């Protein structure tokens, strides 16, 4: 078990160095966050919405933009392994698909979470909305959603990696499956923004946890099969 965890740690370090060296995923997420925030801010300003209406639509806009930004940015996530036949080399060296999957998921979760925090701040600035009082709670929600997105998108990126239309295919197949994450995130964010805290007995954290667990179990069991295909 200790050896398995050491190998996982090495793979996480490898994934971090690969992504940080190319900066493709981070650049796409950051650019999408800035671009979508500017467009949303300009659109809301043109619509001349009052403060109360802006406060109500902020959670919906946040999660629509976050989901679109995340699903469209992961199309380049496995490019270096595919170009250098890295998956084959790791499998031949005895690394399991579960280890590769978890390493990629951890790194993708970190990038998604940073993107979410950036998006929360940029959208709040664009809509002239103060979220300082609930920023900590929003970060917790965002981290949970980021890990759920990463758990599924890591698997789906491997499935779609050999398709020439993966830039279109990946968002199409992932957004419907990720609807529980979108719904949970939007509902919890709405409660936090409008009420300052989650309602007592709110079911949404549990629903998000169940979705995250389902995606994680599916990824651990199916990732190796996907990259071998």
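The values are calculated or read from the model by the stated rules, or taken from the named source; none is laboratory data. Given the structure is predicted, the values throughout are model-derived calculations rather than measurements. Cβ coordinates were reconstructed from backbone atoms using ideal geometry, including for glycine residues, and neighbour counts include every protein chain displayed.
Odds and ends about this structure:
- Matching residues in the range 188-204 - criterion: being on the phi < 0 side of the Ramachandran plot and either within 17 Å of the chain's Cα centre (by Cα) or free of Cβ contacts under 8 Å to residues at least 40 places away in the same chain (or both): 188, 189, 191, 195, 199, 200, 202, 203, 204
- Once the range 123-143 is narrowed to residues that are crowded, with 21+ Cβ neighbours inside 10 Å and under 20 Å from the mean Cα position of the chain (by Cα), the residue that is nearest to residue 30 (Cα to Cα) is 123.
- Among helices (runs of 4 or more DSSP H) entirely within the range 151-229, having at least 1 residues that are surrounded by 13 or more Cβ atoms within 10 Å (Cβ to Cβ) and modelled with pLDDT of 90 or more singles out 179-195, 204-228.
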